[in-house]
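The values are calculated or read from the model by the stated rules, or taken from the named source; none is laboratory data. Keep in mind the model is a prediction, meaning the values are calculated, not measured. Don't worry about glycine lacking a Cβ; one is built from the backbone with ideal geometry, like all the others, and counts go over all protein chains shown.
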């Protein structure tokens with residue numbers, strides 16, 4: 001299907017494009033010296049407008065780019081627009097199902113990570129964000145359109161939340177993890193040393209960051225924390241993982257040097 005500017009419309013418009021052809025999954029806008037291929041996966045919106053005499057089609061693309069066709073007969077412009085819009089919407093609905101599947105997979109992976117009962121490190125969050133960004137590059141439509149589809153909207157917003165400042169969520173997850181571990185392994189923390197670990201010592205033991213520095217004065221129980229940490233990793237079956245745990249002595253009245 002094709003729409004062309006009228007002879008007079010072409011002459012009056014003095015525009016590089018005077019016809020548009022409907023393709024399988026896009027359109028081709030062309031003129032005597034120029035042509036522009038617009039795949040459906042780059043089309044953000046299409047508008048049908050009426051001037052004083054002729055019709056106009058406007059194709060909105062990413063990065064603020066707009067391609068226009070002027071000088072077309074109005075009734076033909078309407079007919080072409082309605083046919084194009086119907087096909088584009090059908091294509092978009094099909095692609096939204098694919099996009100929703102991709103987003104669901106990312107969120108399912110995130111939920112699995114959170115449900116494993118482990119400390120959530122900053123590196124893990126960074127990896128999650130990288131995975132989401134990589135997945136988005138494979139979506140069949142621009143992310144700016146995802147909010148328009150019921151099957152994508154909430155999934156996309158949740159992914160955006162993970163791409164934003166997620167530190168508060170990470171801290172809340174780790175707080176809940178810490179409380180659960182202190183309760184589950186209460187007997188361990190009470191018996192791992194000659195006297196039970198206090199709350200701050202126990203929290204230092206279950207902290208899951210790859211590197212953890214404890215600064216404290218002499219006699220504050222750093223050795224107990226180190227011993228308990230080793231026992232904790234063994235109890236959790238994680239002794240083979242990488243964990244750097246350093247203890248520094250803070251001079252009385254002075255700041256720790258790390």
statement: For residue 90, the lone unmet condition from (1) at pLDDT 95 or above; (2) in contact with a helix residue (DSSP H, G or I) (Cβ under 6 Å, 6 or more places away or on another chain) is (2)
query: Scanning the stretch 130-144 for residues that are touching a residue at least 60 places away in the same chain (Cβ under 8 Å) and touching a helix residue (DSSP H, G or I) at 6+ places or on another chain (Cβ under 7 Å), which turns out surrounded by the most Cβ atoms within 10 Å (Cβ to Cβ)?
result: 141
message: Residues to consider are 139, 120, 182; find the one that is in a loop (DSSP other than H, G, I, E, B) and more than 30 Å from residue 62 (Cβ to Cβ).
response: 120
- line: Within the stretch 149-166, the residues that are part of a helix (DSSP H, G or I) and free of Cβ contacts under 8 Å to residues at least 12 places away in the same chain are 150, 153, 154, 157, 160, 161
Residues of the stretch 29-50 satisfying the condition of being in contact with a strand residue (DSSP E or B) (Cβ under 7 Å, 6 or more places away or on another chain) and in a loop (DSSP other than H, G, I, E, B): 43, 44
task: Would you be able to say whether some residue in the stretch 51-74 is in a helix (DSSP H, G or I), in contact (Cβ under 8 Å) with a residue 24 or more places away in the chain and more than 16 Å from residue 144 (Cβ to Cβ)?
output: yes
